[in-house]
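Undergrad: I'd like to ask you about the structure that follows.
The values are calculated or read from the model by the stated rules, or taken from the named source; none is laboratory data. Bear in mind that the values here come from a model prediction, so they are computed numbers and not experimental data. All Cβ positions, glycine included, derive from the backbone under ideal geometry; neighbour counts span all protein chains shown.
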Amino acid sequence: MSDVNSAKKRRSYRSPTRDEGARRTRQAIVTTAAELFTERGYAATSLSDIATVAGVARPTVFASFGSKPALLRQVLDQALAGDDEPVAVADRPWYRPVWDATTPGAVLDAYAEVCVLIGGRAARLFEVVRQAADDGPEVAELWTTLQRNRRIGAKMVVDHVRTLGDLAPGLDTDTAADALWVFNDPALYAALVLQRGWAEDTFRRWLAHRMRDALLTTF
């Protein structure tokens with residue numbers, strides 16, 4: 001009988017309450033880190049600072065994320081996506097209008113709205129990463145990844161535009177994606193909305209017009 005009992009696999013026990021508590025703790029750390037990184041800068045913010053403001057122990061921050069660069073990456077991921085769910089940006093409901101648009105111009109209009117949404121959530125954090133990219137290889141790699149992912153996103157949108165109509169004469173897919181990569185930079189949102197005080201709707205209309213003018217023959 002003892003042999004039979006010892007052969008039984010132990011069932012792992014997971015407490016929903018404990019899991020939810022851990023998720024709330026992680027979220028508090030991410031929210032605090034985002035605030036401190038943007039207010040003080042990356043280099044001037046320590047894990048101890050984040051732990052103190054978040055109301056947790058420093059080992060909890062380290063156990064949850066492993067390092068400050070890893071925490072910064074998580075902060076960026078959540079800012080771009082809007083939450084901590086493991087769903088790609090292009091698969092989010094708020095991105096859906098880009099794929100549902102039925103004309104090239106409508107695709108770019110919807111994409112301009114996406115750029116405004118992402119800019120509002122992540123423009124300050126992009127600048128944090130840009131300034132901190134010289135602090136170490138992990139942050140430099142994060143900055144490179146952000147630039148690469150923006151280019152990949154731009155290429156996806158251009159490919160979708162081409163399924164619905166033609167690009168401007170003489171404009172190839174790669175050049176169009178490069179142009180859109182310039183326009184989807186959150187630095188534009190930071191410059192015109194955050195620094196110059198443009199209303200978001202004004203910026204959205206300006207951005208959509210610039211995208212159309214760069215990529216399409218007619219509006």
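Undergrad: Anything in the stretch 26-49 that is crowded, with 16+ Cβ neighbours inside 10 Å, more than 21 Å from the chain's Cα centre (by Cα) and of a type in the set (A, V, I, L, M, F, W, C)? List them, or say none.
TA: Matches in the stretch 26-49: LEU47 only.
Undergrad: I need the full set of residues from the stretch 78-90 which are out of contact with any Asp or Glu (no Cβ under 8 Å at 6 or more places or on another chain) and within 24 Å of LEU188 (Cα to Cα), in order please.
TA: Hits for the stretch 78-90 are ALA79, LEU80, ALA81, GLY82, ASP83, ALA88, VAL89, ALA90.
Undergrad: In addition: Hey, can you tell me all the residues within the stretch 177-219 that are farther than 24 Å from ARG148 by Cα and of a type in the set (Ser, Thr, Tyr)?
TA: Listed by number, the residues that qualify are THR202, THR217, THR218.
Undergrad: Right, THR145: in a helix (DSSP H, G or I), surrounded by 15 or more Cβ atoms within 10 Å (Cβ to Cβ) and of a type in the set (Ser, Thr, Tyr) or not?
TA: Taking the combined requirement at face value, the residue does not satisfy it.
Undergrad: Return the total of residues in the stretch 169-217 being surrounded by fewer than 19 Cβ atoms within 10 Å (Cβ to Cβ), touching a helix residue (DSSP H, G or I) at 6+ places or on another chain (Cβ under 6 Å) and part of a loop (DSSP other than H, G, I, E, B).
TA: Residues flagged as surrounded by fewer than 19 Cβ atoms within 10 Å (Cβ to Cβ), touching a helix residue (DSSP H, G or I) at 6+ places or on another chain (Cβ under 6 Å) and part of a loop (DSSP other than H, G, I, E, B) within the stretch 169-217 amount to 1.
Undergrad: Right, something else. Go over the candidates VAL61, VAL56, VAL75 one by one and state the one that is touching a residue at least 12 places away in the same chain (Cβ under 8 Å) and within 20 Å of ARG150 (Cβ to Cβ). I'd like the intermediate steps shown before the answer.
TA: Numbers: VAL61 fails: within 20 Å of ARG150 (Cβ to Cβ); VAL56 fails: within 20 Å of ARG150 (Cβ to Cβ).
None of the other options fit; the residue is VAL75.
Undergrad: So LEU146 clears everything in (1) within 13 Å of the chain's Cα centre (by Cα); (2) on the phi > 0 side of the Ramachandran plot except one condition, right? Which one?
TA: (2)
Undergrad: How many of the residues making up the stretch 122-141 are surrounded by fewer than 18 Cβ atoms within 10 Å (Cβ to Cβ), part of a helix (DSSP H, G or I) and touching a residue at least 12 places away in the same chain (Cβ under 8 Å)?
TA: Selection size over the stretch 122-141: 4.
Undergrad: Only one of ALA79, ALA33, ALA28, ALA90 is assigned by TED's automatic domain parsing to the domain that holds GLY120, part of a helix (DSSP H, G or I) and modelled with pLDDT of 90 or more. Can you tell me which?
TA: On inspection, the qualifying residue turns out to be ALA79.
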